[in-house]
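Asks: The structure follows.
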Amino acid sequence: MTLQQHASPLSSLAVAVATAALLSACGGGGDAEPTSTSASAPSGAEAVAEPSTSTPSGGTSTAPSTGTSSTPSSGTTPSTGSSSTPSTGTSPSTGTSQTPSVPASGYAAGSEERAAFELLNTERTRCGFGALAQNAALDVAARGHADWLLLNNYTGHGQVAGTPGFTGASSLDRMVAAGYAARGSFGSAEVQADATTAKPGAGTARVRGLFNAPYHLLIMTRGYRDVGVAVRDKADVGLSPNNRHALNIDLAYQGSAGMQAPAAGSLRTYPCEGSSGLARSLTNESPNPVPGRNLAQQPLGTTVSVVADAGSTLTLTGASMVKVSTGLAVSLRQPVTKANDPNGGTYVNANEGFISADAPLEANTAYRVTVNGTANGAAFTRTFTFSTGS
């Protein structure tokens, strides 16, 4: 997924995650060029486009900020997990009050948009990251880009001027054009995923996948306030056969309000106590959280994120995960923070970190996690239980 923040350099980030299908996400405030995708991908293959991010003018950069924009190329299919890289921009180091609840959405009952919106907010609020309010302008921007991807058989966050359905070259351009706010006055992010099926069930499945891609998980739980969601398939734009869908999520906050922030001294995790239905494997993410490892052949399991106060420094000194029913330990990767991120710390803020299981977890199974570390030098221990989905 991508985060785009105004007046900030953008970077590209591509992620692919899946239980059985691939997901890739991109982010950044200088959206990478879209990539042409073949319609001949195997049924069910999933790709999540990189996120793009931006911040209000004068913000400080805390999100991924490196990367280059690629030019459109042909022959890349969602089944390979390829996608444009997300370009992330800047995020304010401090925020204001958190949003505990928001009005009910206007998404149609039973729609994939409503399913995605409700899952996103359920997971965020349960674990202390605050709710997101539906925003009509962001809905317009998200839907326009999802449709453009399908109409032009592309993936990614950029668009090509002069093509059918063109609504703006970057996610930032599209949000401004839709009327969210004036350029330079807000921060934003875009997250996207697509798969080679029609859209039934996609709202929940795609959001679950994004929540298990470490670098994208960190972005999706940051302090945005507003959201627009679109889940579209080829039938929605008059194309057949109906063998592809795209989920596009635009997140933003007004500079005057700032990003959401919890009470000082809070330390949050995702998942947290009582989280259920989590994705249990990761088959691809770019940048690869384990450079050199072929995640398609050796998937990771569920990832746990840890987030301290914005502006603080997090260290993770140890972690354990056990299967609740048997007490058997799960093999974990070394905890990752900005200081030891194998991708140079570009995609992890100083107050964030994550721990990933080294292999896929069992389905419909409860696990207990204990995490130890320090936040600005103060020691902490957190223990909680979550369960996987099918």
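The values are calculated or read from the model by the stated rules, or taken from the named source; none is laboratory data. Every value quoted in this text rests on a predicted model; they were computed, and no experiment measured them. Every residue, glycine among them, receives a Cβ derived from its backbone with ideal geometry; neighbour counts consider all protein chains shown. The protein model used for the area step is the full one, side chains on, heavy atoms only, and it has no ligands, DNA or RNA in it. Shrake-Rupley method; radii C 1.70, N 1.55, O 1.52, S 1.80 Å.
Asks: From Gly327, Gly301, grab the single residue that is buried (at least 19 other Cβ atoms within 10 Å of the Cβ), modelled with pLDDT of 95 or more, farther than 18 Å from Cys127 by Cα and not hydrophobic (A, V, I, L, M, F, W, C).
Replies: Gly301
Asks: What single numbered condition from (1) more than 27 Å from Ser97 (Cα to Cα); (2) among the polar types (S, T, N, Q); (3) in a loop (DSSP other than H, G, I, E, B) fails to hold for Asn349?
Replies: (1)
Asks: Just to be sure before I move on: is Leu316 in contact with a strand residue (DSSP E or B) (Cβ under 8 Å, 6 or more places away or on another chain), surrounded by 16 or more Cβ atoms within 10 Å (Cβ to Cβ) and assigned to a loop (DSSP other than H, G, I, E, B) in the structure I sent? So that I can check it myself, show each step before the final result.
Replies: Values: in contact with a strand residue (DSSP E or B) (Cβ under 8 Å, 6 or more places away or on another chain): yes; surrounded by 16 or more Cβ atoms within 10 Å (Cβ to Cβ): yes; assigned to a loop (DSSP other than H, G, I, E, B): no.
No.
Asks: Continuing with the same structure: Give the residue, chosen from Ala181, Ala189, Ala142, that is at pLDDT below 95 and under 24 Å from Tyr107 (Cα atoms).
Replies: Ala189
Asks: Something else now. Taking only region 359-390 into account, find how many residues are out of contact with any strand residue (DSSP E or B) (no Cβ under 9 Å at 6 or more places or on another chain) and under 23 Å from Arg208 (Cα atoms).
Replies: 1
Asks: Something else now. Taking Gln254 and the conditions (1) modelled with pLDDT of 95 or more; (2) surrounded by 22 or more Cβ atoms within 10 Å (Cβ to Cβ); (3) under 30 Å from Val140 (Cβ atoms), which numbered condition does it fall short on, given that it satisfies the others?
Replies: Among (1) modelled with pLDDT of 95 or more; (2) surrounded by 22 or more Cβ atoms within 10 Å (Cβ to Cβ); (3) under 30 Å from Val140 (Cβ atoms), Gln254 violates only (2).
Asks: Any residue in region 366-375 that is open to solvent by 20 Å² or more (accessible area, probe 1.4 Å) and in a loop (DSSP other than H, G, I, E, B)?
Replies: Scanning region 366-375, I find no residue that is open to solvent by 20 Å² or more (accessible area, probe 1.4 Å) and in a loop (DSSP other than H, G, I, E, B), so the answer is no.
Asks: Mind checking which residues of region 144-160 are touching a helix residue (DSSP H, G or I) at 6+ places or on another chain (Cβ under 9 Å) and either of a type in the set (Lys, Arg) or in a loop (DSSP other than H, G, I, E, B) (or both)?
Replies: Of everything in region 144-160, those that are touching a helix residue (DSSP H, G or I) at 6+ places or on another chain (Cβ under 9 Å) and either of a type in the set (Lys, Arg) or in a loop (DSSP other than H, G, I, E, B) (or both) turn out to be Gly156, His157, Gly158, Gln159, Val160.
Asks: Kindly establish whether Gly311 is open to solvent by 10 Å² or more (accessible area, probe 1.4 Å) and either closer than 28 Å to Gly128 by Cα or of a type in the set (Gly, Ala, Ser) (or both).
Replies: Numbers: open to solvent by 10 Å² or more (accessible area, probe 1.4 Å): yes; either closer than 28 Å to Gly128 by Cα or of a type in the set (Gly, Ala, Ser) (or both): yes.
Judged against the criteria, Gly311 is a match.
Asks: When you scan region 292-300, do you find a residue that is within 17 Å of Pro271 (Cα to Cα) and in contact (Cβ under 8 Å) with a residue 40 or more places away in the chain, even just one?
Replies: Restricting attention to region 292-300, the residues satisfying the condition of being within 17 Å of Pro271 (Cα to Cα) are 300.
Retained after the next criterion (residues that are in contact (Cβ under 8 Å) with a residue 40 or more places away in the chain): 300.
Yes, region 292-300 contains at least one residue that is within 17 Å of Pro271 (Cα to Cα) and in contact (Cβ under 8 Å) with a residue 40 or more places away in the chain.
Asks: Another one. Those residues that are open to solvent by 30 Å² or more (accessible area, probe 1.4 Å) and modelled with pLDDT under 95, I need them from region 263-293; list them, please.
Replies: Ala263, Ala264, Gly265, Ser266, Asn284, Ser286, Asn288
Asks: Might you let me know whether region 228-249 holds any residue that is open to solvent by less than 20 Å² (accessible area, probe 1.4 Å), closer than 27 Å to Leu295 by Cα and outside any strand (DSSP E or B)?
Replies: yes
Asks: I'd like the full set of residues that are within 15 Å of Ser305 (Cβ to Cβ) and open to solvent by 30 Å² or more (accessible area, probe 1.4 Å), limited to region 341-353.
Replies: The answer is Ala350, and nothing else.
Asks: Which residue out of Thr204, Thr167 is in contact with a helix residue (DSSP H, G or I) (Cβ under 7 Å, 6 or more places away or on another chain), within 24 Å of Ile355 (Cα to Cα) and open to solvent by 20 Å² or more (accessible area, probe 1.4 Å)?
Replies: Matching residue, one of Thr204, Thr167: Thr204.
Asks: Still on this structure, I have one more. Pick out the one residue from Leu361, Leu328, Leu316 that is closer than 15 Å to Leu267 by Cα, of a type in the set (A, V, I, L, M) and out of contact with any Asp or Glu (no Cβ under 7 Å at 6 or more places or on another chain).
Replies: Exactly one of Leu361, Leu328, Leu316 is closer than 15 Å to Leu267 by Cα, of a type in the set (A, V, I, L, M) and out of contact with any Asp or Glu (no Cβ under 7 Å at 6 or more places or on another chain), namely Leu316.
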